[in-house]
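The values are calculated or read from the model by the stated rules, or taken from the named source; none is laboratory data. In this text, all values refer to a predicted model and were calculated from it rather than measured experimentally. In this analysis, Cβ positions are derived from the backbone assuming ideal geometry, glycine residues included, and neighbour counts consider all displayed protein chains. Surface areas here come from the heavy atoms of the whole protein model, side chains and all, with no ligands, DNA or RNA. Shrake-Rupley method; radii C 1.70, N 1.55, O 1.52, S 1.80 Å.
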Amino acid sequence: MKYIVLFFSLLFASALPLSAQSIFNGVDYDGYIGVYDINDQHYWWLCVEPESTPAAGAGTGFIADAVSILNGWDQQNTERRDDYIADSAAQAALAKQVAVIEYVLDTYLPISTLTTPGALLQGSENAAYYGNNEAFYNSMNVVQHFLVETYGKTTKVDFTDMTGYGDRWELDLSAAGMARSDLYQSILTDVAAKDGTNFFDTYTAVNGYYIANTLYSLNNTDPLASDYNWQDVLIIVAPVPEPSGALLIACCGFAVLFRRWRKLA
């Protein structure tokens, strides 16, 4: 399964070293959310791009450009970048969409759980648990789905009408499916109500976010596409708590250029 993801950071006392040779190694994933090993720390990521690009699984890794969400949301592959360049309506919608995205990330991700050492049980990063009806997994999946839906709406500026947002759990009658659908619908209602008061016109993100961007082509005839167009990652820079208790780690928010790399299995 293939996809692209988005990164974001929380600014605190120390910094995750993002240098020209930082490597993002695959740990586990289910196609929607997952975990990477970065400099011997484990971090959660969310898939936000529904197009086909290679995932980094166990034994593989990659390096990418790190840019702000505002600068990277429209450039997660060369086709998307070119589409935005040619579409003035999409360019005009970008700032509003980023404000909405940042609000949903700020408000609905389980940040307090992520940043509390030991809050997650050992083994929680195992993809076998991702379908569990637990608040943590429900929130992670619902926010991820909101981002995927927003990704495809390049010119949308009226968020008072959310009828174009599909619900992945609409027909899922499992406990987790119903809980996730309810949470997702509450997010849509919340966003619509806030846009009705022009809330997003002045919204400032609480946390810092950035996109790790590879900017290769999606075109399968491009020799670079199939082997090198890695996912662009949303890394939550609060590491997966280890049994000993992982400390919260901060991340620099400036752009850093990386060279792509694939780790030998």
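Some notes on this structure:
- Pairs where the first residue, in the range 191-213, is closer than 23 Å to residue 164 by Cβ and the second is surrounded by 11 or more Cβ atoms within 10 Å (Cβ to Cβ) and among the polar types (S, T, N, Q), C-beta under 6 Å, 6+ apart: 192/160; 195/160; 196/160
- Filter result for residue 106 (touching a residue at least 12 places away in the same chain (Cβ under 8 Å), closer than 23 Å to residue 187 by Cβ and part of a loop (DSSP other than H, G, I, E, B)): no
- When residue 213 is tested against (1) modelled with pLDDT of 65 or more; (2) buried (at least 17 other Cβ atoms within 10 Å of the Cβ); (3) within 17 Å of residue 102 (Cα to Cα), exactly one condition is not met: (3).
- Failed condition for residue 178, given (1) over 27 Å from residue 77 (Cα atoms); (2) open to solvent by 30 Å² or more (accessible area, probe 1.4 Å); (3) in a loop (DSSP other than H, G, I, E, B): (3)
- Residue in the range 162-172 that is open to solvent by 30 Å² or more (accessible area, probe 1.4 Å), in contact (Cβ under 8 Å) with a residue 12 or more places away in the chain, within 22 Å of the chain's Cα centre (by Cα) and more than 20 Å from residue 47 (Cβ to Cβ) present: no
- Yes/no for residue 258 being surrounded by fewer than 12 Cβ atoms within 10 Å (Cβ to Cβ), among the aromatic types (Phe, Trp, Tyr), assigned to a loop (DSSP other than H, G, I, E, B) and at pLDDT below 95: no
- Residue in the range 77-98 that is modelled with the highest pLDDT, counting only those that are open to solvent by less than 10 Å² (accessible area, probe 1.4 Å) and polar (S, T, N, Q): 97
- Some residue of the range 153-161 being under 19 Å from the mean Cα position of the chain (by Cα), of a type outside the set (A, V, I, L, M), part of a helix (DSSP H, G or I) and crowded, with 18+ Cβ neighbours inside 10 Å: no
- For the residues 184, 84, 137, the requirement of being of a type in the set (Ser, Thr, Tyr), part of a helix (DSSP H, G or I) and under 25 Å from residue 213 (Cβ atoms) singles out 84.
- Residue identified as more than 19 Å from residue 36 (Cα to Cα) and open to solvent by less than 10 Å² (accessible area, probe 1.4 Å) among 104, 143, 148: 104
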